[in-house]
Amino acid sequence: MWFISTNDYLNYLRSKGFSFYEEHVGFIKIGKMYTALPDSLVNMAIEITLKAQLEFDGSFFIAVLELLKEHNVSNKRAAYDLMKEHNIL
């Protein structure tokens, strides 16, 4: 799931039973534009948000995106290491 578009990733998650309301999709679009991160990292932030919060939390998602950007994360392993370092996961 690392190299698919965010739209396709959301569709995949919906097929697995996750619900995303317009407000959630709005946070995802705004966060993506605000941080200018690639889809792979936006998808990672969605995954981390769902794992840490057990639901989609827009504010938490934005904070995760900012953390990924601040630390120049470029891959899944680095993202998870960073989240563990900050006691998020």
Practice task
May I ask you to sort 83, 44 by Cβ crowding, counting other Cβ atoms within 10 Å and putting the fewest first?
Solution key: 83, 44
Practice task
Tell me the label-point distance for the pair residue 70, residue 50, using the 7 Å Cα-to-Cβ offset, in nm and rounded to one decimal.
Solution key: 2.5
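Which whole-number value in Å³ per residue fits the convex hull of the alpha carbons of the chain? Present the calculation step by step, with values, prior to reporting the outcome.
Values: hull volume 7.5 nm³, N = 89.
Cα convex hull per residue, to the nearest whole number: 84 Å³.
Contour minus end-to-end for residue 22 and residue 89, with contour as 0.36 nm per residue of separation and end-to-end as the Cα-Cα distance? Show your work: numbers first, answer last.
Numbers: separation 67, 0.36 × 67 = 24.12 nm, distance 2.63 nm.
Residue separation times 0.36 nm, minus the Cα-Cα distance, leaves 21.5 nm.
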Practice task
Enumerate the lysines that residue 16 could reach by cross-link, defined here as Cα to Cα under 22 Å, with residues fewer than 8 away along the same chain left out.
Solution key: 29, 51, 76
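For the chain, what is the relative contact order in percent, using Cα pairs closer than 8 Å and at least 6 residues apart in sequence? Walk me through the numbers on the way to the answer.
Values: 70 pairs, mean separation 25.7, N = 89.
After rounding, I find 29 percent.
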Handout entry: Taking 42, 73, 64 and counting other C-beta atoms within 10 Å, the order from fewest to most
Key = 73, 42, 64
Completion exercise
Out of 31, 17, 58, a Gaussian network model of the chain with alpha-carbon springs under 10 Å gives the largest mean-square fluctuation to 17
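Read-outs: derived from the displayed coordinates by stated rules, not from any lab. Only a predicted model underlies this, so the values are computations on that prediction, with no experimental measurement involved. Positions of Cβ are backbone-derived with ideal geometry, glycine not excepted, and every protein chain shown enters the neighbour counts.
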